[in-house]
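Asker: Okay, here's the structure, questions in a sec.
The values are calculated or read from the model by the stated rules, or taken from the named source; none is laboratory data. Note that the structure is a prediction, hence the values are computed from the model and not measured. As a convention, Cβ positions derive from the backbone with ideal geometry for all residues, glycine included, and neighbour counts pool all protein chains shown.
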Amino acid sequence: MIHSKNCFKCKTIKPLSEFYKHNAMADGHLNKCKVCAKNDSTIHRVKNLEKYRANDRERSKNPERRKLQTEITKAWRQQDIRRSKAHTAVGYAIKKGELLRQPCIRCGEQNSLAHHEDYDKPLDVMWLCPPCHKQRHKELLTF
């Protein structure tokens with residue numbers, strides 16, 4: 001029984017658990033490791049970003065996906081009501097001109113989102129672009 005395999009991309013011998021299953025292969029696993037497969041997938045998506053975004057927009061119109069997104073949003077709001085109230089307060093303050101959208105404090109990108117470190121202070125926000133905002137939430141999970 002084979003327990004390891006050589007990745008044809010990175011030329012590294014790895015355990016079979018590091019390869020995706022693929023029924024068409026003799027040993028039942030893809031010939032490139034998961035890391036290389038993910039890298040290839042990411043590169044392909046970046047090169048064809050507009051095509052993928054158009055596809056994502058089309059998929060989001062699917063009634064089942066809309067229903068699921070509504071359920072996810074409802075559950076998210078119920079998890080911590082302060083979160084929803086803080087987001088609403090920011091939107092209202094921007095509309096009234098009391099709060100001005102700023103560029104991302106990390107990279108300077110103009111398209112930014114209001115990030116709350118503390119939902120009890122709804123107008124105390126830091127402005128982050130979507131990628132930096134996502135990164136900040138990852139950082140918060142590691143603490």
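Asker: Within the range 83-118, how many residues are within 21 Å of the chain's Cα centre (by Cα) and not charged (D, E, K, R)?
Answerer: At the first step, the residues of the range 83-118 found to be within 21 Å of the chain's Cα centre (by Cα) are 83-84, 87, 103-117.
This time we only want the ones that are not charged (D, E, K, R), so: 84, 87, 103-105, 107-108, 110-116.
So the answer is 14.
Asker: Go through the residues of the range 119-129 one by one and say whether even a single one is assigned by TED's automatic domain parsing to the domain that holds residue 92, farther than 19 Å from residue 83 by Cα and under 19 Å from the mean Cα position of the chain (by Cα). So that I can check it myself, show each step before the final result.
Answerer: Keep residues of the range 119-129 that are assigned by TED's automatic domain parsing to the domain that holds residue 92, which gives 119-129.
Narrowing the set further to residues that are farther than 19 Å from residue 83 by Cα leaves none.
No, the range 119-129 contains no residue that is assigned by TED's automatic domain parsing to the domain that holds residue 92, farther than 19 Å from residue 83 by Cα and under 19 Å from the mean Cα position of the chain (by Cα).
Asker: Can you find a residue in the range 80-90 that is small (Gly, Ala, Ser), free of Cβ contacts under 8 Å to residues at least 12 places away in the same chain, surrounded by 11 or more Cβ atoms within 10 Å (Cβ to Cβ) and in contact with a Lys or Arg (Cβ under 9 Å, 6 or more places away or on another chain)?
Answerer: Within the range 80-90 (the criterion being small (Gly, Ala, Ser), free of Cβ contacts under 8 Å to residues at least 12 places away in the same chain, surrounded by 11 or more Cβ atoms within 10 Å (Cβ to Cβ) and in contact with a Lys or Arg (Cβ under 9 Å, 6 or more places away or on another chain)), the answer is yes, since at least one residue qualifies.
Asker: Now for a different question. On the given criteria, is residue 80 under 25 Å from residue 5 (Cβ atoms) and either acidic (Asp, Glu) or not assigned by TED's automatic domain parsing to the domain that holds residue 118 (or both)?
Answerer: Values: under 25 Å from residue 5 (Cβ atoms): no; either acidic (Asp, Glu) or not assigned by TED's automatic domain parsing to the domain that holds residue 118 (or both): yes.
The answer is no for residue 80.
Asker: So, one more: Taking the condition loosely packed, with under 11 Cβ neighbours inside 10 Å, without any contact (Cβ under 8 Å) to a residue 40 or more places away in the chain and among the hydrophobic types (A, V, I, L, M, F, W, C), does residue 72 pass? Working first, answer last.
Answerer: Details: loosely packed, with under 11 Cβ neighbours inside 10 Å: yes; without any contact (Cβ under 8 Å) to a residue 40 or more places away in the chain: yes; among the hydrophobic types (A, V, I, L, M, F, W, C): yes.
The answer is yes for residue 72.
Asker: Follow-up question, since we're still on this one. Hey, among the residues in the range 107-143 that are surrounded by 11 or more Cβ atoms within 10 Å (Cβ to Cβ) and among the aromatic types (Phe, Trp, Tyr), which one's farthest from residue 94 (Cα to Cα)?
Answerer: Of everything passing the filter in the range 107-143, 119 is farthest from residue 94 (Cα to Cα).
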